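Asker: Have a look at this one.
The values are calculated or read from the model by the stated rules, or taken from the named source; none is laboratory data. Remember, predicted model here, so these are calculated numbers, not experimental data. When we count neighbours, we look across all protein chains shown, and the Cβ atoms used for this are built from the backbone with ideal geometry, even at glycine. Side chains are part of the model used for accessible areas, which takes the heavy atoms of the whole protein and leaves out ligands, DNA and RNA. Shrake-Rupley method; radii C 1.70, N 1.55, O 1.52, S 1.80 Å.
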There are 2 protein chains.
Amino acid sequence: MSKRKQFSNSNLLTLPVFYILLSLTTQERHGYDIMKQVEHDSNGKIKLGAGTLYGAIKRMLEDKLIVEGSSEHARRRYYKLTEKGRSIFNNQLERYNQAVEIARQKNLFAKLALAYV
Amino acid sequence: MSKRKQFSNSNLLTLPVFYILLSLTTQERHGYDIMKQVEHDSNGKIKLGAGTLYGAIKRMLEDKLIVEGSSEHARRRYYKLTEKGRSIFNNQLERYNQAVEIARQKNLFAKLALAYV
DNA sequence: AGAATTATATCACAATGCGATATAATGTCA
DNA sequence: TGACATTATATCGCATTGTGATATAATTCT
């Protein structure tokens, strides 16, 4: 009953989810902190709106990619990676790394550098 | 007047679109060829269904990320990158590269390597 | 005290992904 | 040649996710 994620590519992370997980790799964070960290890690390119953030958090909790952390605070709710979350994040990271390597082989970065001259 | 893409993060590429563009960086390809190349480039991890592929192609044509290529063939329709498509792809590639670099700084790859021992 | 910022949450609609399905040309090989 | 697999494009409807707007309230700043 109600198994979410019925698609075969479902262990692939969307960009917002990837960056949320990245922000949690080193420490547990609360929502607003995640927002700021993602913006920082993406050089200001990715700004998560509240809807994206809390919607994603809700789904990630359901999927057990994250759990509520131990930090106690009245207003804030902290989240941290689960083993599953870290594992799936690692897979995606490896995939990005491969894509970057392929781009390197195709010499795409050289063209990129030229474009900035 | 119908201006599609009213969201501010709309220049961020989804994973399927990124891989489609990657497959087109070196040569023009037809749809089925793109499908196979994406599967190859992702080590078999990403399998685009027909719906994903042709839906994405349609949108990418509208957004002028790709155009129909020059190769003539009765059955096949070839597509190639536009300057805009290449530019936006490069941005995303740079972003992935940064994410990978951040992960490297956080020593996440070391942990990743350990997990494979 | 009043304003700005921090912080979480939900809503409705927009955008995209996806398997199923349809259609047809081409290739294979018995 | 006939049957079957593969190549190739396309659309449909539903599932999933993203997004800005909006609401609420505590905390911080001046």
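Asker: Touching a helix residue (DSSP H, G or I) at 6+ places or on another chain (Cβ under 7 Å), within 14 Å of chain B (Cβ to nearest Cβ) and either open to solvent by 30 Å² or more (accessible area, probe 1.4 Å) or part of a helix (DSSP H, G or I) (or both) - does that describe any residue in segment A:59-81?
Answerer: Taking every residue of segment A:59-81 in turn, none turns out to be touching a helix residue (DSSP H, G or I) at 6+ places or on another chain (Cβ under 7 Å), within 14 Å of chain B (Cβ to nearest Cβ) and either open to solvent by 30 Å² or more (accessible area, probe 1.4 Å) or part of a helix (DSSP H, G or I) (or both).
Asker: Let me ask another. Kindly provide the set of residues from segment B:17-31 that are away from DNA strand D (no atom under 12 Å from the Cβ) and surrounded by fewer than 19 Cβ atoms within 10 Å (Cβ to Cβ), ordered by number.
Answerer: Selection gives B:THR26, B:GLN27.
Asker: Now for a different question. Would you point out which residue out of B:GLN98, B:GLN6 is free of Cβ contacts under 8 Å to residues at least 24 places away in the same chain, more than 8 Å from chain A (Cβ to nearest Cβ) and open to solvent by 20 Å² or more (accessible area, probe 1.4 Å)?
Answerer: Going through B:GLN98, B:GLN6 in turn, the sole match is B:GLN6.
Asker: So, one more: Identify all residues within segment B:2-55 that are part of a loop (DSSP other than H, G, I, E, B), touching a helix residue (DSSP H, G or I) at 6+ places or on another chain (Cβ under 7 Å), more than 30 Å from A:GLY44 (Cβ to Cβ) and within 13 Å of DNA strand C (Cβ to nearest atom); write none if there are none.
Answerer: B:LYS47, B:LEU48
Asker: Select from segment B:40-58 the residues that are of a type in the set (D, E, K, R) and either modelled with pLDDT under 95 or open to solvent by less than 40 Å² (accessible area, probe 1.4 Å) (or both) and list them in ascending order.
Answerer: Passing the criteria: B:ASP41, B:LYS45, B:LYS47.
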